[in-house]
1. Which of ARG37, ARG44 has the fewest other C-beta atoms within 10 Å, and how do the rest follow up to the most?
2. Starting from the eigenvalues of the Cα gyration tensor, five times each then square-rooted, give me the equivalent ellipsoid semi-axes of the stretch 47-96, largest first, whole Å.
Amino acid sequence: MKDNSGDQEWLKAVMKKYRADLFPQKMASWTLGQGIRWRRKKMRMTLQELADKADTSKGYLWEIENKGKNPSVFLVQRIAYCLGINIDDLLGKGEG
């Protein structure tokens with residue numbers, strides 16, 4: 001049987017580097033809205049594009065990002081899905 005420990009270590013190192021690029025260390029102190037805005041801009045997505053994909057309004061999404069509005073858990077799940085991440089990553093609580 002082949003020992004895959006080297007492959008697993010390599011994969012962990014790649015994922016750690018990838019996560020560091022996607023989620024900077026300071027993100028842990030960001031608000032939910034700041035995390036959404038950072039990831040949305042990283043993906044070069046407009047407010048309107050994200051709002052359409054997450055089935056919400058552009059204005060409400062702007063309030064979440066800029067005014068600290070607290071969306072429902074269901075909307076946060078949809079936003080995270082549209083941004084290609086999970087809620088823990090969006091809140092800065094993912095592994096890393």
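1. ARG44, ARG37
2. 19, 12, 9
Values quoted throughout were computed directly from the atomic coordinates according to the rules given, and no laboratory measurement underlies them. Values in this document were obtained by computation on a predicted structure and should not be read as measured data. All Cβ positions, glycine included, derive from the backbone under ideal geometry; neighbour counts span all protein chains shown.
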